[in-house]
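The structure follows.
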Amino acid sequence: MKPRCPETPDRWLPQPAPGAPDRLILIDGVCVLCSSWARFVVERDDGFGFRFLRTQSPQGRALAESFGIDPDEPQTNVAIIDSMAYFKSDAALMIARNLRGLSWTRILHVVPRGLRNLFYHRIARNRYAWFGRDEACLRPTPEMRARCLDDAGVTNAS
């Protein structure tokens with residue numbers, strides 16, 4: 001069994017992500033909920049240009065590990081925006097605020113992070129049981145294909 005990173009109150013605080021591609025969302029590519037979230041983002045992303053990287057890819061694994069995330073059992077996605085990495089509920093809210101029709105979600109930052117993350121953690125811990133798992137790993141739509149960074153396509157360009 002792999003050692004787990006300790007859950008401390010500041011474990012999932014935003015942190016600098018120097019050298020990581022900007023506007024990147026690191027997702028669990030076999031999680032049906034995560035794949036649905038990625039499609040939701042693409043449908044509502046009018047110009048911000050979010051891109052995706054699966055934790056199952058070699059570069060996705062390396063990026064996940066650099067943030068202390070177990071790539072075989074990720075319990076958070078990561079959103080890298082303006083050279084900062086956001087985790088758990090912060091990641092979801094930072095992504096949502098940049099999507100068409102969801103700028104109102106900024107108000108949800110008034111809910112304490114600990115409370116937001118309890119809700120996020122419950123969903124993340126049960127996501128395979130509740131939503132399913134697809135061993136084929138993120139089957140992108142044609143619109144998503146251009147936004148999915150394959151191992152050769154990851155660059156520091158934004």
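If residue 147 satisfies all but one of (1) buried (at least 17 other Cβ atoms within 10 Å of the Cβ); (2) at pLDDT 95 or above; (3) touching a Pro at 6+ places or on another chain (Cβ under 9 Å), what's the number of the condition it fails?
Going through the list (1) buried (at least 17 other Cβ atoms within 10 Å of the Cβ); (2) at pLDDT 95 or above; (3) touching a Pro at 6+ places or on another chain (Cβ under 9 Å), residue 147 breaks only (2).
Among what's in region 72-90 and is crowded, with 20+ Cβ neighbours inside 10 Å and of a type in the set (Gly, Ala, Ser), pick the residue that is farthest from residue 12 (Cα to Cα).
Narrowing region 72-90 to residues crowded, with 20+ Cβ neighbours inside 10 Å: 74, 76-81, 85-90.
Then drop every residue that is not of a type in the set (Gly, Ala, Ser), which leaves 79, 85, 89.
Values: 79: 12, 85: 9, 89: 9 Å.
For region 72-90, the residue satisfying everything is 79.
Which condition from (1) touching a Lys or Arg at 6+ places or on another chain (Cβ under 7 Å); (2) modelled with pLDDT of 90 or more; (3) among the acidic types (Asp, Glu) is the one that residue 43 breaks?
(1)
Here is a further query. Does residue 12 satisfy being hydrophobic (A, V, I, L, M, F, W, C) and in a loop (DSSP other than H, G, I, E, B)? Steps first, please.
On the way: hydrophobic (A, V, I, L, M, F, W, C): yes; in a loop (DSSP other than H, G, I, E, B): yes.
So residue 12 fits the description; yes.
Would you check if residue 89 is modelled with pLDDT of 90 or more and farther than 23 Å from residue 130 by Cα?
Details: modelled with pLDDT of 90 or more: yes; farther than 23 Å from residue 130 by Cα: no.
No.
OK, next. Please determine, by comparing only the residues of region 28-57 that are of a type in the set (Ser, Thr, Tyr) and closer than 18 Å to residue 70 by Cα, which one is surrounded by the fewest Cβ atoms within 10 Å (Cβ to Cβ).
Residues of region 28-57 that are of a type in the set (Ser, Thr, Tyr), as a first pass: 35-36, 55, 57.
Then keep just the ones that are closer than 18 Å to residue 70 by Cα; that gives 55, 57.
Working: 55: 27, 57: 21.
This residue is 57.
The values are calculated or read from the model by the stated rules, or taken from the named source; none is laboratory data. In this text the structure is predicted, and so the values were computed from the model without any measurement. Heads up, the Cβs are rebuilt from the backbone with ideal geometry, glycines too, and the neighbour counts pull from every protein chain shown.
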